[in-house]
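Heads up, the thing below is written out as C-alpha cells.
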Amino acid sequence: MIKRRKGLKTMAEKFSDQEFVEFIVKNIVGNPNDVKVERTVDEMGVLLTLHINPADMGYVIGKQGNTARAIRTLLKIVGAKNNARVNLKIHEPEGSQRPQRSRPSADVDTDVVDDLKI
C-alpha cells in the first residue's frame, strides 16, 4: 500500500481536467507552445477540445490511436475523481491530410487465375 505524505496531492487533485490534458500533451509534442485546450460543459458532461500543431498530430494520436486512447482513459479517471464525465476531442485543422492507405489498383493483372474457371 502506498502511503501519501500529509500535504501532498495526487495529479488528479492538483490539476483540473483541462490542465491535466495540457500537461500530458505538452510533454509529448514537439511544439508545446501551440497546445491549447478548450473546455465546454453541457448536459452530456465536459468536452475538452485539443488544438495542436498539425506536425504533432502523429505524436498525440500514436500508432493505431494508442496514445490518444491512453490519454482519454487517464482523463476519464480524472473526471471520475471529480464526479464528471469528461470527453476529449482532438481538433483536426483544416487542410490537414491523413495518410492514404494504399488500395489495390483497378489495373491488377488477373491472367494467372483466369484459367481456374471459377
**Report entry** Unmet requirement for LYS3, which otherwise passes all of (1) modelled with pLDDT under 90; (2) buried (at least 17 other Cβ atoms within 10 Å of the Cβ)
**Finding:** (2)
Query raised in the report: Out of all the residues in the range 75-86, is one or more in a strand (DSSP E or B) and either touching a helix residue (DSSP H, G or I) at 6+ places or on another chain (Cβ under 6 Å) or modelled with pLDDT of 65 or more (or both)?
Result: yes
Query raised in the report: Out of all the residues in the range 42-75, which are without any contact (Cβ under 8 Å) to a residue 12 or more places away in the chain and either of a type outside the set (Val, Ile, Thr) or touching a strand residue (DSSP E or B) at 6+ places or on another chain (Cβ under 8 Å) (or both)?
Result: ASP42, GLU43, GLY58, GLY62, LYS63, GLN64, GLY65, ASN66, ARG69, ALA70
Query raised in the report: Looking at the range 12-44, which of its residues are of a type in the set (Val, Ile, Thr) and part of a strand (DSSP E or B)?
Result: VAL37, THR40, VAL41
**Report entry** Condition met for GLY58 (in a helix (DSSP H, G or I) and surrounded by 14 or more Cβ atoms within 10 Å (Cβ to Cβ))
**Finding:** no
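The values are calculated or read from the model by the stated rules, or taken from the named source; none is laboratory data. No experiment lies behind these values; they were computed from the predicted model shown. Don't worry about glycine lacking a Cβ; one is built from the backbone with ideal geometry, like all the others, and counts go over all protein chains shown.
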